There are 2 protein chains.
Amino acid sequence: MSELAKRKCVPCEEGGEPLNPDQVEVLMQQLSPEWMLIDQHRMLARTFRFKNFQEALDMANKIGKIAEEENHHPDLTVAWGSLGVELMTHAMDGLSENDFIVAAKIDELK
Amino acid sequence: MSELAKRKCVPCEEGGEPLNPDQVEVLMQQLSPEWMLIDQHRMLARTFRFKNFQEALDMANKIGKIAEEENHHPDLTVAWGSLGVELMTHAMDGLSENDFIVAAKIDELK
């Protein structure tokens with residue numbers, strides 16, 4: 001398991017500063033290369049492909065379990081054959097370490 | 001249960017004609033008023049509001065069960081406190097009766 005995946009999310013600080021580009025760059029290297037920075041680097045996004053709808057929904061449930069455990073929740077778009085995952089820290093209007101911790105835990109899922 | 005909700009989806013006919021505006025209008029009257037026509041009337045959309053993430057995911061699973069039973073699958077966007085549902089018939093690039101049947105069955109969920 002990656003170092004990032006072993007960590008726990010901390011409560012979001014309202015109005016806190018999001019990670020700067022250098023910090024984001026370092027953390028990106030610890031994630032699966034499928035993750036992308038979108039929305040002017042304020043959001044992490046990854047799309048999983050599946051054979052059908054149910055497999056996508058099953059993965060959404062696995063990610064939902066992580067989200068509940070960490071109390072940090074992505075947006076999940078379930079469609080036939082795909083699952084989209086978007087992570088950002090709304091309280092900061094950008095990325096926090098919490099986003100990378102949840103992403104790393106998602107990377108550990110099989 | 002509405003008449004529409006009692007019906008079963010039929011296999012989508014590739015290249016078939018989508019419903020015309022008059023047909024759509026009639027069927028819309030049989031759905032909950034929360035459903036909206038979007039994407040130039042080629043898609044049905046509804047957003048549910050919830051108290052948290054898990055309730056939205058629970059509803060996604062209930063809708064997923066309907067989708068599997070009918071073999072007609074919406075796109076579902078699970079977020080903290082909301083679930084977005086989008087229905088269209090991709091084979092027709094528009095709306096078919098299947099979309100309204102699944103929407104009516106979703107309306108029956110508690």
query = Round to a whole number: what % of the accessible area of chain B belongs to carbon and sulfur, probe 1.4 Å?
reply = 50
ask   = Which whole-Hz ³J(HN,Hα) couplings does the range B:29-36 yield from phi under the Karplus relation 6.51 cos²θ - 1.76 cosθ + 1.60, θ = phi - 60°, glycine and proline marked x?
value = 5, 9, 9, 4, x, 6, 6, 10
ask   = How far apart are the A:GLY81 label points across copies, placing each 7 Å from Cα toward Cβ, in nm, shortest first?
value = 3.5
request  = Would you mind checking the pairs A:LYS62/B:LYS105; A:LYS62/B:LYS6; A:LYS65/B:LYS105 and listing those with alpha carbons more than 30 angstrom apart?
outcome  = A:LYS62/B:LYS6
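So, with +1 on the Cβ of K and R and -1 on the Cβ of D and E, and no other charges, what is the size of the charge dipole of chain B about its Cα centre, to the nearest 20 debye?
Working: 11 positive and 20 negative charges, 117 e Å.
The calculated dipole for chain B is roughly 560 debye.
Quickly estimate the mean residue ellipticity at 222 nm for the protein assembly as shown, helices only: each DSSP H run with n ≥ 4 gives -39500 (n - 2.57), and the total goes over all residues, rounded to 500. Present the calculation step by step, with values, prior to reporting the outcome.
Numbers: 8 runs with 83 residues, N = 220.
Mean residue ellipticity, 222 nm, calculated: -11000 deg cm²/dmol.
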key: Shortest-first nm distances, B:LEU37 label point to equivalent points in other copies (7 Å, Cα→Cβ)   = 4.3
key: Interface burial for A against B (accessible surface, 1.4 Å probe, total of both chains, Å², rounded to 100)   = 1300
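How many Å² of accessible area per residue for the range A:19-107, probe 1.4 Å? Kindly include the intermediate steps, with their values, before the conclusion.
Numbers: 4100 Å² over 89 residues.
Heavy-atom accessible area per residue stands at 46 Å².
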Positive-pole candidate from B:THR47, B:LEU19, B:ALA104, dipole of the range B:19-107, charges at beta carbon = B:THR47
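If you take every residue apart from A:GLU97 with its C-beta less than 11 Å away from the C-beta of A:GLU97, what net charge results, scoring Lys and Arg +1 and Asp and Glu -1?
Values: positive: A:ARG7, A:LYS8; negative: A:ASP99.
Result for the local shell: +1.
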Closest approach to the A/B rotation axis among chain A Cβ atoms, residue and whole-Å value = A:THR77, 2
task = For chain A, set up a Gaussian network in which alpha carbons nearer than 10 Å are linked by springs, and say which option among A:LEU19, A:LEU95, A:LEU31 fluctuates the most.
result = A:LEU19
request  = Kindly tabulate the residues in the range A:25-67 with an accessible-area decrease of at least 30 Å² between the chain alone and the assembly of all protein chains, using a probe of 1.4 Å.
outcome  = A:PHE53, A:GLN54, A:LEU57, A:ASN61
inquiry  = List the aspartates and glutamates whose Cα sits under 13 Å from the Cα of A:LYS8, skipping any in the same chain fewer than 8 residues away.
reply    = A:GLU68, A:GLU69, A:GLU70, A:GLU97, A:ASP99
task = Between copies, how far apart are the A:GLU108 label points? List them in nm, one decimal, shortest first, with each point 7 Å from Cα toward Cβ, please?
result = 4.2
note = Distribution output for chain A: share of Cα-Cα pairs per 10 Å bin in percent, first bin at 0, values 15, 49, 30, 5, 0
Reach of B:LYS110 by Cα under 17 Å, taken over aspartates and glutamates that are not fewer than 8 positions away in the same chain = B:GLU34, B:GLU55, B:ASP58
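What's the local net charge at B:GLU108, with K and R +1, D and E -1, over the other residues with C-beta under 11 Å away? Walk me through the numbers on the way to the answer.
Values: positive: B:LYS6, B:LYS62, B:LYS105, B:LYS110; negative: B:ASP107.
Computed value for this residue: +3.
Taking Cα pairs under 8 Å and at least six residues apart, what relative contact order does chain A come out at, in percent?
Relative contact order, chain A: 39 percent.
The values are calculated or read from the model by the stated rules, or taken from the named source; none is laboratory data. These numbers come from a predicted model, not from an experiment. FYI the Cβ positions are ideal-geometry reconstructions off the backbone, even for glycines, and counts take in every protein chain you see. Accessible surface areas use protein heavy atoms only, side chains included; no ligands, DNA or RNA. Shrake-Rupley method; radii C 1.70, N 1.55, O 1.52, S 1.80 Å.
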